[in-house]
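Asker: Sharing a structure here in structure tokens format.
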Amino acid sequence: MKKRIMAFLAALVMLLSCAPMDSVITAKAEEERVIKLHYNRPDGQYDGWNVWFWDEGGEGKAYEFALENGEMVATKVIAEDVTREGFIVRTNDWAKDVAEDQFIEIPELVSGTVHVYVESGVKGYTKEYSEDAVVAVRMSKARYDGEGTIVTKFTGEIQADLDTYFTVTGPNGEVAIKEVKKEANNEYHLVLAEELNGSRSYKVICEGTEYKVVMPIIFSTEKFEEEYTYTGKDLGATYTKDKTSFRVWAPTADAVSVRLYQGGQEGKDDLIEELTMTADVNGTWVAEKSGDLHGTYYTYLVTLGDVQNEACDPYARTTGVNGKRAMVIDLDSTDPEGWENDKNPNADKTFNDAVIYELHVRDMSIDKAAGIKNRGKYLAFTETGTTNAEGIPTGIDHIKNLGVTHVHLLPVYDYGSVDETKSTVPQFNWGYDPVNYNVPEGSYSTDAYNGEVRVKEFKQMVQAMHNNGLSVVMDVVYNHVYSAADFCFNKIVPQYFSRIDENGKYSNGSGCGNDTASERSMVKKYIVESVLYWTEEYHIDGFRFDLVGLLDTETINEIVETVHAVRPDVVFYGEGWSMQTNVTKFGYQMATQVNSKMTPGFAYFSDTIRDALKGSVFNNTEKGFISGATGKESTLESCFMGLAYPWCSSPTQSVNYASCHDNMTLFDRIVNSTPDASREDQIKMNNLAAAIYMTSQGIPFVHAGEEMLRSKPTKDGGFDENSYASPDSVNKLKWDDLNSKEYQDVYKYYQGLIAFRKEHAALRMTTAKDVKDNITALEGLDKNVMAFQINGGVNGEVADNLFVIFNANETETEVTLPEGKWNVYIDDKNAGTEVLRSAKGTVKVAPISALVLCQDDNRAPGVSGGVLAGIGAGLIAAAGAVALVLKKKKK
């Protein structure tokens, strides 16, 4: 109470002295404003908990708790202009104390400390000012209503002459105020002498302190979109040897020019020429330059009122170092030999035939033990025959031998979190920080300064994988950008590409500082054309969408339809988590799991099967089915059918996995959650997880290295659960691990699972009806045991019937088989297409293992389906030869 009285008295003294509020602010501008968040947990368990703070509309950061006067307190110094501070009390793996984002309102704090008291599990907080706090009547918002009035709101009543208190300024100087109206709740309405331009910036000045006016969102209005939606296909630089034509969409610009440069490095004084652009249709600007401009770098200089922004071309096909200057390029000259014949090696297969392998470019080859020359580069994928010192295959051969069909590459577009000028300095990042969406990342090329090289080497990588039977999937991040204010599209048309909330701040459902406004016509056009460009120019075979739940269903469906009209073999999937975002139009639905029926050509990661298998990713000690948790059977039954309850209605929309780049690796998670289990049992758990998702209906997805017990240990003895910027020593695939029989056995087990899945089409059904008609889940089994009978004769299945059993118990279980003889193909130690043994009546299932059997009477132990197929082909050929001989004799 004493603290509150002191804070009140400080404010009262200021008001009584009639000191204008903003003069007080100016006087205290250099003094710190501090938030101290006090967190109380009744259980006293604070290990692993911290506070994620962010300035409203800005990016977040973790702040650790420290003990102060017997309480756990997180401290943050906040900037002078911050009036709302967001916070989440959470763990590093994002287990949240309270699910929603919360905000601390502090517009009145001039300087000093505000204490915020939070109780675990309780939404809201208590706020108290310290004795050093200076509070004042301050403006908390200034919003233009679109009809000639700026609505301002203050934290208290203004004690000054209203007629002289406010000044409004804009790009053309001061804007006259006709009248100031005092309204209820400390609102003051500034009636202007003229209407404001919705695409320009304005400020309200009160006694020397400036406040930005939040302008209404004009970009999503029907009028704006009708007038400024450009439908042409020539945005960017259109190259021929005789001339290059430039077209940029800049509907709010007063003037635009093209700057031509000799080099691609920002800041270098090598300007060749500046071309004035001419305003054209639908807000576009055009210019043309004669001659062969291949290799010439360029930017756009955009004039917006009294501001000039120099920006890279959003439609740049390549750039110089760090993506600051676009480059005019003859794309045909970058095609490798035979590119015209390059194609998807799995184009004739369905999505459910795919087995996806998620890989980071650098992870694959940076380990010296890989024996790869182009370590960490696109060209590493062109090197075949590589081995470690023991002669064990590495790199592309390892992946090819594993048997997967699709290699999913973590971001390979141009991203901002690695400095391409420091190629000799070890740098690592996953790359979820988009800068130029249509440009390959330069740090993976052998020369990031020459825009042509990254394009050539990317194509060589794709061609090499295709030649090895591997389709290529790109991880794309259209939901947010590295920095919204610095993103080229937003520099040309400020705030157009990104969603803005009611306070004029960037919406932040992504947790990365901004969300993409996919519902706007020119953003949708940009994303659709970007995906199509990668498909056609780089022969990409699939796209994994990061946080696709922030993009609208109309955009996703248009992407799928547009690409499939050209190449129906391209696959689409993504993270369909439900997140809060400020959609700028009414009537739009987001592409989330729960809306999966609205995007029938798009699949979603099944966190349902992931968490049921190993436990929630938000609690690293929680167990799942494979590690002994009970009550997971019904959830996993729906997942095994490819119809994860309650969101999935088709097996073509379920991407089944146990681990990915996010969170702990599968084996680290198992070790972390089963500290008392033996290593032998932990490996069994790993293999059981793989057996479940590999035999389930849907699309299986493997995190690179999972097949060799990938681990990311930290120096403190724990495991790295968020290695997005960790060193190579943590992230690299450790190829010498395969020298150990233990790791080799796991690799071979994964090989066998994949081979078995490929041979049995009944595991790859594409309709819910087929699944429901042909799969029966058995009842009356022991706890933590599941069994399924799958009919043969469906989807081209070669076996008469299949029978799949999963036993997660530490003891053996016995299961009664359907009538007849059954051949075992997968057990606790082996997996593949070769018969291991036969069984009838009942069968014993080893602890923590899978058992998969088929009824196929023609098989014998030691004979594989491939061998039988070969024998059959040989017999047919022999019969044909005999027939030909007899025919000749008759003549």
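The values are calculated or read from the model by the stated rules, or taken from the named source; none is laboratory data. If you're wondering where the values come from, they're calculated on a predicted model, not measured in any experiment. FYI the Cβ positions are ideal-geometry reconstructions off the backbone, even for glycines, and counts take in every protein chain you see. These accessible areas exclude ligands, DNA and RNA; they are computed on the full protein's heavy atoms, side chains included. Shrake-Rupley method; radii C 1.70, N 1.55, O 1.52, S 1.80 Å.
Asker: Can you figure out the FRET efficiency of E195 with K783, using R₀ = 56 Å and their beta-carbon distance, to the nearest 0.05?
Answerer: Computed FRET efficiency for E195 and K783 comes out at 0.20.
Asker: For region 660-714, what Kirkwood radius comes out of the mean inverse Cα-Cα distance, in Å?
Answerer: After inverting the pairwise mean of 1/r, the radius is 11.8 Å.
Asker: Around G416, which amide H atoms from residues at least 5 apart in sequence, or from another chain, sit under 5 Å from its own amide H, with H modelled in the peptide plane?
Answerer: Sorted by chain and number, the residues that satisfy this are D433, V435.
Asker: Hey, got the dipole for region 394-510? About the Cα centre, +1 on K and R Cβ, -1 on D and E Cβ, debye to the nearest 20?
Answerer: Computed about the Cα centre, the dipole is about 180 debye.
Asker: What fraction, in whole percent, of alpha-carbon pairs in region 166-275 exceed 22 Å separation?
Answerer: Roughly 58 percent, once rounded to a whole number.
Asker: Mind grabbing the accessible area of T811 for me, 1.4 Å probe, Å², rounded to tens?
Answerer: About 90 Å², ignoring ligands and nucleic acids.
Asker: Let me have the relative contact order for the chain, percent, based on Cα pairs under 8 Å that are six or more residues apart.
Answerer: Once divided by the residue count of the chain, the mean separation gives 7 percent.
Asker: Could you give me the ³J(HN,Hα) list for region 727-737, computed from phi with Karplus coefficients 6.51, -1.76, 1.60 and θ = phi - 60°, whole Hz, x at Gly and Pro?
Answerer: Each residue of region 727-737 in turn: x, 4, 4, 8, 8, 5, 6, 9, 5, 6, 4 Hz.
Asker: Across region 201-323, how many lysine pairs separated by 8 or more positions, or lying on different chains, have Cα atoms within less than 30 Å?
Answerer: 12
Asker: Would you mind listing how long region 746-810 runs along its three principal axes, going by Cα atoms, in whole Å with the largest first?
Answerer: Taking max minus min along each principal axis of the Cα atoms, region 746-810 gives 36, 33, 20 Å.
Asker: Can you send over the carbon and sulfur percentage of the accessible area for the chain, probe radius 1.4 Å, protein chains only?
Answerer: 48 percent
Asker: Convert 4 °C to kelvin, take the viscosity as 1.567 mPa s, use the Kirkwood radius over C-alpha pairs of the chain as Rh, and evaluate the Stokes-Einstein diffusion coefficient in µm²/s, rounded to a whole number.
Answerer: 42 µm²/s
Asker: Can you give the FRET efficiency for Y46 and D81, using 1/(1 + (r/R0)^6), R0 = 35 Å, r = Cβ-Cβ distance, to the nearest 0.05?
Answerer: 0.65
Asker: With the Cα gyration tensor of region 557-670 in hand, give its eigenvalues times 5 under a square root as the equivalent ellipsoid semi-axes, listed largest first in whole angstrom.
Answerer: The answer is 29, 16, 14 Å, longest axis first.
Asker: Across bins of 5 angstrom width beginning at 0, how are the C-alpha pair distances of region 412-571 distributed, in whole percent?
Answerer: 1, 9, 16, 20, 20, 16, 11, 5, 1, 0, 0
Asker: Here is the link list: K614/K829; K456/K712; K343/K377; K505/K597; K76/K182; K377/K422. Which ones come out longer than 24 Å on Cα distance?
Answerer: From K614/K829; K456/K712; K343/K377; K505/K597; K76/K182; K377/K422, over 24 Å: K456/K712; K505/K597; K76/K182.
Asker: Non-local amide H neighbours of V702 (under 5 Å, H modeled in plane, Pro and chain starts lacking H): which ones?
Answerer: Close amide H contacts, sequence-distant or interchain: I356, Y357, E358.
Asker: How large is the accessible surface per residue of the chain, computed with a 1.4 Å probe and reported in Å² as a whole number?
Answerer: Solvent-accessible surface per residue comes out at 40 Å².
Asker: Moving on to the next point. From largest to smallest, what semi-axes in whole angstrom does region 476-563 give when each is the square root of 5 times an eigenvalue of its alpha carbon gyration tensor?
Answerer: 23, 13, 12
Asker: Related question: What are the extents of the Cα atoms of region 552-609 along their three principal axes, listed from largest to smallest and rounded to whole Å?
Answerer: Result, largest extent first: 33, 33, 15 Å.
Asker: Between Y117 and D270, what's the calculated FRET efficiency when r is the beta-carbon distance and R0 is 56 Å? Round to 0.05.
Answerer: According to the calculation, E is roughly 0.45.
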